[in-house]
Amino acid sequence: MAASNFPEEQKVFSSMSRSQSSQRSGVMNSASDGQKRRSIIAEDHEWSLALVPLLTTLCLQHIIKHFEEKPILHELQPSFKTYVLQRLPASLPLTITANLISDESYWKRCCEARWGLADISTYDNSWKQMFFERHLQSIIELFIPDTTDTKTVLDVLPLCQNYVKQLRVSQLLPPIKEPSRFDEDDGSESASDMGSDGPSMDHFDFRMLLDKLPNLKELSVVYCVKGCGMNFEWNLFEFTFRDCESLAKALNSCKTLQVFRIHRSKVDDEKCCVIVNHLLDHPSLQELDFSHNHISDRGARAIAKLLNRSQLKTLIVCNNQIRGAGAQALAHALAKNNTLTSLNLRLNRIADEGGQALAQALIKNKTLVNLHLGGNNMTEPAAVALSQALVENCALKSLNLCNNRLGADGGKVLEEGMTHNCTLVECDIRLTDVDQDSEYSICQALHANQIKTKHNHDPSAKV
Amino acid sequence: MHQTEAFAAGEEAEELRPSVESDKKEERILARRLRLAARKEAQTKQRLGEDDLGKEDVKEETRKSQKEVEHRERRMAKLKSDGLELVTNIQVAADARESDRRTELEEGHRLRREKLENEAKSSQEKFEEINRKWTDAKMKQTPLDLRDALSSQQQLCEQIIADKNKLISELQQELKASDDRYVKDLKRQAKDIDLLVERMEEQISTLKKSYREDLHQIENSLDEERRTLLTKHKKKWEHERKDRNEKELKNMMQSLSVMEEYADLLQKLRVQTAEEYNIDKIRMDTEVQKLRMKVQQTKFNCHMNEEKLDYKYEVLKKKEEENAIIKSQLKRKIIRMQDVLNNLKSKLTKQEKQSKAGNQSLSNDYTRISQQYKDMQKKARHFAALDAERLEKLWLMCEDEAKALTHRALETDRVIHEQQLGLEWASPPLPFMERSGAVQQKTFRTATQAAADTLKGEPEGGLDEDTAAGLNKRTVKSILELLCDEMGFLVESKLLMLLSPLEKNEQSLIKLDAIFSAIGIESEKDVYKMAEFFMNYRQHESKYTKDETANGQGESAEELSNLIHTEDLLAALKDFTAQFCRQDVHASHKSSILGLDMRDDSEDAAYWESIANVMPESKLKLWDALDTALNKYHAVLTERTELLMETQNIQQQNSELRQLLHLYTTSKAQ
């Protein structure tokens, strides 16, 4: 380094027009002077002023470093603001960042730091929303009643209440029993235990949550435990009556809710009735999903009552145990209803009586667009009724009848009905024992309808 | 062709047009407007084009690319729906299996229930049989029978238990079977899911592939179409170009022939014009020479003028400089003056302030002093009144005393005269005895009274003595009348208005009053003084006139100047007021201000003197002589009385001595 420095210094001397006669002494001098100069002229040749950090950047770095003690953001100029936001660590406490930072890139970094890759499209394309929804979701999913302090939830609430719009709870943990007792009361007394310990099996209480989320629109709940592995116990999958009541009250208190889903939670008729009763006249509810539960006719009747006392647009009760009576009740409600557009009764047991009732309701109804009756044990009479409905109805666009033993005659009847229909675009008749000929003709009719609707749409699009 | 031309034209226009990104606001607005207009035009053109030209093209296009696109779309839709079906088939199959399972389950439930019921019924029967046998067994007496019965019972019981066990094992087997099935189902579902995923992936890949293919195909078709169009247009273009070439050649040939014709014509014309040109040139040359001469002259004139103007310009410049100097001087002066003015102004304001303050203080002083003065006056008047009263009293007292003394003196005089002298006594004249009180002041008659008197005509007499100057009463009257007539301006107009209805005498009287008050004449004396002054003035004047107007006129002039000349009156009056009135006014003013009529005490001494001199000098001498004589007489008398007294004493002594002698004589006799 020193060697490299010499020529420069010599140059300096020559420029100072000193005598070059005693180069040696000059070098000596330069060495002695160099001691002073070295502090000024950098030895590094690559050194330049451009590399010195600006005072502003130093300040900004200081702000970033002490953001936790003193958050300064909105006072900054836009360019500095982006600089700070790009460099803020994702580990900052939420109490500071939640209401202060709205920048998406920061929350994207937070999300990626916490969960890795994620699909933002299901969260309204907002990283912040995604972060808070998943944050709250994970808190609820890991919440153990009586063990976890409710404060953990309540502390987070004021931070995330403005950003959470949908909650998808995929598990709810039951309270932990004392292991000693659990061992003693093994097997034989489990039934009695369940009776006595019933109240203690309650899950997370949604009442303290829902009325504090002013923007909540979607709620999905599953009362089960994920990944229990070999620790499987039936009462891990218990949806107690008290849970049901608290959930129903919470739902009633949340006036902004639009979508409610409860899957795989052993919702039987009683619980269904409780929930539906609390949802009566709800101002905003549009979609109700009771898939994969144990609802039978009584619950179906309750839901039918709800149909005409709400703004429901979508009702999904697939994989339940609704039979003919329940379907009749639903059909009765459907005949008067003018909001519902989609009804899903897949994998129920409504059979012919239910199918006929629904077909009759379809004649009167003018709003229903999608109807799924797959796997409902229907046969020829239902097909006859549906073909009549197809002739009369002019709103239905999609009909799913797969897995019903309609038979060849039923297929022919349907074919006949389809020839008079001009709105149906999709009709699924797989595994219905229908003749290939009639299936083909039905497909033709559907195709014709598709083209027709397309032509109807295209001019409108052009205009 | 049409379109391309239009397009080219449009592009050209666009180059000239103001751009939207221009800096100027107006230009941008203009650009937008133009763009809008262009769009509208294009739309109308399109419509027109559709009518005539477009139809065929459109039809052709639909034949090729659009058809291809539609075809591909349909194919894709079909592919999609097929794929969807393929994928959902699994779900449907699973659903079907599930529903089958459920129906089976239900069936199984039903069978099981039947079986259980049957079993329950049979076991119940058996149980009843056992029960029945129990009663039979009770009837039995012998132990052997009992044992048989018991064993048979046991057998039956075992049978029941065996049945039950069998049922249990059957159910357990069923449970196991369903467990197996559950596991199998799980496995199958896992397989299904795998299959589903596989199919989905497959679908995605196939769809991707087909999409790509489609895209490629469509692109190809479009390319081809474009190419064919291009070739077609090119051909057309070539054809048109050829046509044009031919036409141009033809045109060129035509134009060449025309050109030759024109060349001949030109040659002819050239020759003609050259001749004309020569003639013209000669004419023009002569004209040019003339004009050059003129130019020379004008140049000379111009030069002269220039010089003159230069000189004038110099002069003016110098003047301007001088003017500038003067201007600057004046400016400086103005500035100085301005300064002075400002100073003066400030001084003036200061002065004004001071004077105002002084004025204020002085006016205050004045009011105070006038107040004091008034007070003093009041006091003085009061004291004067008191003094007058006291004087009156003192006067009366002294007078009484004096009168008493004179009385006594007269009385004594009378006594002396009658008793001592034996003469007839006559009292001396005593005018003051009748009078009592202070000497009354003789009041002066005021000027107006005098004037009134004079105006009334003949004097009542007595005044002639006063007017010692020998002023004729008539002359005074005439003067007064003159005054009255001429000095009307001194009288107020209002007063004149009021006076109009009165008699002439009274009118003039009141007028005179006003005039006197204006001039400052108050007493009769003043009036006469004035009259005298006028007379003097007149005489003075007349002297002059006399000097001037020779002797011939003599008395007539005197007669004329009897009355002072009206024009001189004013001057005379002015002089008079200047000389006399001022002091008089002051004096009279003073006395009037004091409000006291100064007593004239000159006669008082005489009065008292007259009282004192009641006894004449001769009488006093007589009294002195009488006094001395009486004193002598008194001395004689006193001597006589003394002597009388002595004699008396001596007589008394004699008597006493006689007594004593008698005594002695009597006593000695004893």
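The values are calculated or read from the model by the stated rules, or taken from the named source; none is laboratory data. Every value quoted in this text rests on a predicted model; they were computed, and no experiment measured them. Counting neighbours? That spans all protein chains shown, and the Cβs are built from the backbone with ideal geometry, glycine included.
For A:Q360, indicate whether it is more than 27 Å from A:V259 (Cβ to Cβ), at pLDDT 90 or above, away from chain B (no Cβ under 14 Å) and buried (at least 23 other Cβ atoms within 10 Å of the Cβ). Steps first, answer last, please.
On the way: more than 27 Å from A:V259 (Cβ to Cβ): yes; at pLDDT 90 or above: yes; away from chain B (no Cβ under 14 Å): yes; buried (at least 23 other Cβ atoms within 10 Å of the Cβ): no.
Against the criterion (more than 27 Å from A:V259 (Cβ to Cβ), at pLDDT 90 or above, away from chain B (no Cβ under 14 Å) and buried (at least 23 other Cβ atoms within 10 Å of the Cβ)), A:Q360 does not qualify.
Out of A:H263, A:H278, A:H282, A:H294, report the one residue that is more than 14 Å from chain B (Cβ to nearest Cβ) and under 21 Å from A:G375 (Cβ atoms). Full working, then the answer.
Details: A:H278 fails: under 21 Å from A:G375 (Cβ atoms); A:H282 fails: under 21 Å from A:G375 (Cβ atoms); A:H294 fails: more than 14 Å from chain B (Cβ to nearest Cβ).
None of the others qualify; the one that does is A:H263.
A:A448 passes all but one of (1) over 22 Å from B:R97 (Cβ atoms); (2) crowded, with 23+ Cβ neighbours inside 10 Å; (3) within 14 Å of chain B (Cβ to nearest Cβ); which number fails?
Among (1) over 22 Å from B:R97 (Cβ atoms); (2) crowded, with 23+ Cβ neighbours inside 10 Å; (3) within 14 Å of chain B (Cβ to nearest Cβ), A:A448 violates only (2).
When both residues are 6+ apart or on different chains and their Cβ atoms are under 7 Å apart, which pairs have a first residue that lies in the range A:416-428 and is more than 28 Å from B:A96 (Cβ to Cβ) and within 14 Å of another protein chain (Cβ to nearest Cβ), and a second that is outside any helix (DSSP H, G or I) and of a type outside the set (D, E, K, R)?
none
Being out of contact with any strand residue (DSSP E or B) (no Cβ under 6 Å at 6 or more places or on another chain), surrounded by 11 or more Cβ atoms within 10 Å (Cβ to Cβ) and of a type in the set (V, I, T) is the requirement here; does B:V258 meet it? Steps first, answer last, please.
Working: out of contact with any strand residue (DSSP E or B) (no Cβ under 6 Å at 6 or more places or on another chain): yes; surrounded by 11 or more Cβ atoms within 10 Å (Cβ to Cβ): no; of a type in the set (V, I, T): yes.
Answer is no for this residue.
If you scan the range A:325-351, which residues turn out to be within 14 Å of another protein chain (Cβ to nearest Cβ) and of a type outside the set (S, T, N, Q)? Lay out the reasoning, then the answer.
We begin by selecting, within the range A:325-351, every residue within 14 Å of another protein chain (Cβ to nearest Cβ); these are A:344-351.
Listed by number, the residues that qualify are A:L345, A:R346, A:L347, A:R349, A:I350, A:A351.
Select the helices (runs of 4 or more DSSP H) contained entirely in the range A:222-327, then report the ones holding at least 3 residues which are within 22 Å of the chain's Cα centre (by Cα). Break it down stepwise before answering.
Details: elements: A:241-253, A:269-279, A:297-307.
Per the criteria, A:241-253.
I want to confirm something. Restricting to the range A:365-399 and keeping residues that are among the hydroxyl-bearing types (S, T, Y) and buried (at least 17 other Cβ atoms within 10 Å of the Cβ), which single residue is nearest to the other protein chains (Cβ to nearest Cβ)?
Selected residue: A:T379.
How many residues does the range A:333-343 contain that are part of a helix (DSSP H, G or I) and buried (at least 19 other Cβ atoms within 10 Å of the Cβ)? Show your work before the answer.
Start the filter on the range A:333-343 by keeping residues that are part of a helix (DSSP H, G or I), which leaves A:333-336.
Narrowing further to those that are buried (at least 19 other Cβ atoms within 10 Å of the Cβ): A:333-334.
Looking only at that region, the number is 2.
Starting from the range A:70-86, take each residue that is within 20 Å of A:A98 (Cβ to Cβ) and list its partners that are hydroxyl-bearing (S, T, Y) and assigned to a helix (DSSP H, G or I), counting only C-beta distances under 9 angstrom and pairs at least six apart or across chains.
Close Cβ pairs satisfying both conditions: A:P71/A:T97; A:L76/A:Y83; A:T82/A:S105; A:L85/A:S105; A:L85/A:Y106; A:Q86/A:S105; A:Q86/A:Y106.
Of all residues in the range B:98-117, which are within 14 Å of another protein chain (Cβ to nearest Cβ) and in contact (Cβ under 8 Å) with a residue 60 or more places away in the chain?
Across the range B:98-117, the qualifying residue is only B:R101.
Residues are listed down the side, and each one gets a yes or a no for (1) exposed (fewer than 12 other Cβ atoms within 10 Å of the Cβ); (2) within 12 Å of another protein chain (Cβ to nearest Cβ); (3) touching a helix residue (DSSP H, G or I) at 6+ places or on another chain (Cβ under 6 Å); (4) not in a helix (DSSP H, G or I):
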site: B:E119; (1), (2), (3), (4): no, no, yes, no
site: B:F127; (1), (2), (3), (4): no, no, no, no
site: B:Q141; (1), (2), (3), (4): yes, no, no, yes
site: B:D148; (1), (2), (3), (4): no, no, no, no
site: B:L167; (1), (2), (3), (4): no, no, yes, no
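Answer yes if at least one residue in the range A:357-365 is without any contact (Cβ under 8 Å) to a residue 60 or more places away in the chain and in contact with a His (Cβ under 6 Å, 6 or more places away or on another chain), and no otherwise.
Checked the range A:357-365: no residue is without any contact (Cβ under 8 Å) to a residue 60 or more places away in the chain and in contact with a His (Cβ under 6 Å, 6 or more places away or on another chain).
Yes or no, residue by residue, for (1) at positive phi; (2) modelled with pLDDT under 85; (3) exposed (fewer than 15 other Cβ atoms within 10 Å of the Cβ):
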{"site": "A:I176", "(1), (2), (3)": "no, yes, yes"}
{"site": "A:E184", "(1), (2), (3)": "no, yes, yes"}
{"site": "A:P214", "(1), (2), (3)": "no, no, yes"}
{"site": "A:L247", "(1), (2), (3)": "no, no, no"}
{"site": "A:F260", "(1), (2), (3)": "no, no, no"}
